[in-house]
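Notes follow once the structure below has been shown.
The values are calculated or read from the model by the stated rules, or taken from the named source; none is laboratory data. It should be emphasised that the depicted structure is a prediction, and the values quoted were computed from it without experimental measurement. Glycine gets a Cβ as well: all are built from the backbone with ideal geometry, and neighbour counts include every protein chain shown.
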Amino acid sequence: MKQTLTAIAALIAGTTGAMACEITFRSSDTHPEGYPTVTAVQYMGELLEERSDGRLCIEVFHSAQLGEEADTIEQTQLGVIDMNRVSLGPFNNIIEATKVFSLPYIFRSVDHMHTVVDGEIGDEILAKFQDHDLVGLAYFDGGARSFYNSERPITSIEDIEGLSFRVMQSDVFVDMVDALGGNATPMPYGEVYTSIQTGAIDGAENNWPSFESSGHYEVAGYYTLDEHLIVPEVLVMSASAWNNLSAEDQELVRQAAKDAVPYMREQWQAREAASEEQVRASGVEIVDNIDKTPFIEAMVPVYEKHVTTDELRDLVTRIQATE
Ligand code: GTR
């Protein structure tokens, strides 16, 4: 009898130890394996698995395996995809308040952006996702975005005149390029390389790691560090996946996402430096002493067009007043 009980106990312990995931959240990312946004969600998955005794897991589908950002956002709202790591830009046309983080030169620096997203304003904007079948979990870094193109070095606004740039699918970015004298083409990320290569567009804009990992630097040999955007990235969960969880498990998910943020920021800094080194070594011509003042001044009509409600005006004032 005792032997049987011991055998059963061992069997249960063995089963528990090797318990397979009860739920595996499918998480989308446009970037390749090894990119900081991908490794950060994988790291969050490790934390979650450990803290839930192996019940809750995450599988990251990187390299746009589940589709381009705008489509995967829709799929996440529908509950077909459980989690999504995306730029805030593609949310601008869906969740109005996200526009304030996508305004050109709204953040004075990455540190300023961190202070804002880590504080009350960051929480307020994350809470807005609830009305759109999504749960905002955490902000990730996306560095500063600058223009690159295949035609000529941009050393002043005048050089932008007549050039066409791909932008993310947000009206704010279309108006931003227009205000600088260029032509904007909203387009999915995955189509940019070929479009520059074939001359359908002259260039695009992005941060060092994306410029490098997408290979865009191979077809766009001029990069000007005007740093017009510091758009945070966001990790969201579909409301349907979220609502299936107990309150305790929701807390585990939220906490694991938060705890992945410092890890992400470290990974980001390292990758930014490595990507910059790789791009510089490739011979891309870099303009890194541009006077940003005319760029900032040119953005007045963009703010006038998009910051149209008391709520948005108040958010902008509070962001600008944040030290
Ligand atoms: C990257 C960002 C992606 C995607 C991409 C783009 O910097 O991490 O989420 O938004 O830019 O330009 O589409």
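Filtering the range 263-286 for residues that are surrounded by 15 or more Cβ atoms within 10 Å (Cβ to Cβ), under 18 Å from the mean Cα position of the chain (by Cα) and not in a helix (DSSP H, G or I) leaves an empty set. All conditions but one from (1) within 18 Å of the chain's Cα centre (by Cα); (2) among the basic types (Lys, Arg); (3) not assigned by TED's automatic domain parsing to the domain that holds residue 28 apply to residue 254; the one that does not is (3). Evaluating residue 228 against the criteria (1) closer than 29 Å to residue 261 by Cα; (2) of a type outside the set (Asp, Glu); (3) within 12 Å of the ligand (Cβ to nearest atom) leaves one unmet condition, (3).
Just give me the residues in the range 286-314 being charged (D, E, K, R) and under 26 Å from residue 36 (Cβ atoms), in sequence order. It would help to see each step written out before you state the result.
Step one: filter the range 286-314 for residues charged (D, E, K, R), giving 288, 291-292, 297, 304-305, 310-311, 313-314.
Within the range 286-314, 288, 292 meet the criteria.
If you go through the range 48-91 and keep only what is away from the ligand (no atom under 15 Å from the Cβ) and in contact with a Phe, Trp or Tyr (Cβ under 8 Å, 6 or more places away or on another chain), you end up with 56, 57, 58, 59, 82.
Would the range 122-131 turn up any residue that is surrounded by 20 or more Cβ atoms within 10 Å (Cβ to Cβ) and either within 21 Å of residue 291 (Cβ to Cβ) or within 15 Å of the ligand (Cβ to nearest atom) (or both)? Taking every residue of the range 122-131 in turn, none turns out to be surrounded by 20 or more Cβ atoms within 10 Å (Cβ to Cβ) and either within 21 Å of residue 291 (Cβ to Cβ) or within 15 Å of the ligand (Cβ to nearest atom) (or both). Here residue 295 passes the criteria (1) in contact (Cβ under 8 Å) with a residue 24 or more places away in the chain; (2) in the same structural domain as residue 84 (by TED's automatic domain parsing) except the one numbered (2).
When residue 66 is tested against (1) without any contact (Cβ under 8 Å) to a residue 40 or more places away in the chain; (2) assigned to a loop (DSSP other than H, G, I, E, B), just one condition goes unmet, and that condition is (1).
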